[in-house]
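Only one structure is covered here, and it is reproduced in the block below.
No value in this document is a laboratory result; all are computed from the given coordinates. The structure displayed is predicted, hence computed values, not measured ones. When we count neighbours, we look across all protein chains shown, and the Cβ atoms used for this are built from the backbone with ideal geometry, even at glycine.
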Amino acid sequence: MFFLYTLLVEIAQQLLKIVALFSPKIKLFVDGRRTVFKNLQSKLQKDDLTIWFHAASLGEYEQGLPVIEKIKEKYPNHKIVLTFFSPSGYEVRKNNTVADVTVYLPLDTKRNAKQFLGIVNPEMVFFIKYEYWPNYLKELKQKQITTYLISGVFRNNQSFFKWYGGFYRNALKSFHHFFVQNESSKELLKSIDFTNVTVSGDTRFDRVVAILERDNSLGFIDSFTSFGMTKRTTIVVGSSWPKDEELLVNYINATSHDVKFIIAPHNIKEEQITNLKKQITKKVVLYSEMEGKLLSDYNVFIIDTIGILTKIYSYADIAYVGGGFGNPGVHNILEPATFGLPIVIGPNYSHFAEATALVHQEGCLSIKTQAELNQAFDLLVQNQDERHEKGHICSTFVQMNKGATASILRHIS
């Protein structure tokens, strides 16, 4: 089975080189892996002590960051090696300061696994949430390297729990311990005879709680949201997609409420930003064009850059989080929740436990239509008590679920 699996990965590796000729994202995926081993050899010495963290993409990196930071504190003499599978993670966080070396993970062939682990030679390994690469896991087991899964989530539709899933079940034997987010994941692992499991919760809660302790001020957002000494009611739209924006633009153009809107689209390509701006009839300013402008004169601020949305949430009275009209669904709602904001999202959120919980608790409002969005925004804009109550539900939910990082560290120490 390993031979067939590795053969398929080798074939995929060659096919990706062809696809890369036509796809900029796949080109990043392919080109970024060409120099991995050279980079590792230039930054690591044979006698270096190392700890390896692997994240599939940006979301998993953010999820694992609290653990990476604590492990770095606990083992100051070790170098942290961080790998990404996806360009959407690597390209955004390749210049992070928490890891000593950040590279793409070479594709999961037997040769790549041997070469990678031969250079890195980690003392411990942490896979964040998921991605189970059989050749890497087999090599880790053979080298007897302590390997953990953190913030893991298992579902009964995964191959591990099917009659044909023996190959992948066997790969799980490489993990010394599973730190999972919920009881259902623990029970699923128990059903296939894995008992080395701790329900530690989701480290993302620790990540967003820590956001409250940093300086979140942005002078230009202060200028935009202020009217004299008074702060205007502000709706922040995070990670919006075209379907979200269609409904939002209709509301922005029609509303008579004295509200400021900040929109941070998921896609910041110039063509899409230009199209969004053209649809809005009120005064719009772009982040890239704000220099020299009196920001308080504008109604809508479009953030055509990345990396500052979390800080912008700290200025919001209401948050709309995009993605809820697509697949797999809504983006990260925990960042606005930690600031105690009421949240509005689209209808596709069932794959995300935190969104499901907050909709159930009524801190988060799910909408399907233009009329429902209008009703939700009007309620939250006009009724300050309702706004504060829902925001309190969200912030309390985050605070009640923190502590996963400490739970993991207790087991590792």
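See the values below:
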| quantity | calculated |
| --- | --- |
| Most mobile of Leu365, Leu212, Leu248 in a GNM of the chain (Cα contacts under 10 Å) | Leu212 |
| Computed E for Lys94/Ala371 - FRET, C-beta separation, R0 41 angstrom, nearest 0.05 | 0.40 |
| Projected label distance in nm at Met400 and Trp163, using a 7 Å step from Cα toward the beta-carbon | 4.2 |
| Under Karplus coefficients 6.51, -1.76 and 1.60, residue-wise ³J(HN,Hα) of the stretch 151-163 in Hz, glycine/proline x | 6, x, 9, 10, 10, 5, 8, 6, 5, 3, 9, 9, 4 |
| Degrees separating the helix 370-382 axis from the principal Cα axis of the chain, which is the longest one | 70 |
| Under-5 Å amide H pairs with Val237, H placed in peptide plane, nonlocal only | Ile262, Ile263, Ala264, Tyr320 |
| Cα gyration tensor shape of the stretch 1-122, rounded if a/c is under 1.5, else prolate or oblate by comparing a/b with b/c | prolate |
| Whole-number percent relative contact order across the chain, with pairs defined as alpha carbons under 8 Å at least 6 apart | 12 |
| Cα-projected label distance for Gln13 with Asp48, points at 7 Å along beta-carbon direction, nm | 2.2 |
| Over 32 Å (Cα to Cα) - which of Lys74/Lys114; Lys25/Lys138; Lys138/Lys190; Lys110/Lys162; Lys70/Lys260; Lys43/Lys141 fall in this group | Lys70/Lys260 |
| Where only C-alpha atoms are counted, convex hull volume of the chain per residue in Å³ | 157 |
| Long-range HN-HN contacts of Ser366 with modeled amide H, under 5 Å | Ile345 |
| Gained length - Leu21 relative to Gln361, 0.36 nm times residue gap less alpha-carbon distance | 117.6 nm |
| Amide proton proximity set for Phe126, modelled H, under 5 Å, gap of 5+ | Trp52, Phe53, His54, Tyr148 |
| Tensor-based shape of the stretch 198-336 (alpha-carbon gyration tensor, a/c under 1.5 rounded, otherwise prolate or oblate) | oblate |
| Among Arg111, Arg204, Arg232: highest mean-square fluctuation, GNM of the chain, C-alpha pairs under 10 Å | Arg111 |
| Prolate/oblate/rounded call for the stretch 99-223, Cα gyration tensor, a/c under 1.5 rounded | oblate |
| For the stretch 350-413 and the stretch 76-126, distance of Cα centres in Å | 34 |
| Choice from Ser151, Ser88, Ser191 with maximal GNM fluctuation in the chain (Cα, 10 Å cutoff) | Ser191 |
| Counted charge near Ser288, where neighbours are those whose Cβ lies closer than 10 Å (Asp, Glu -1; Lys, Arg +1) | -4 |
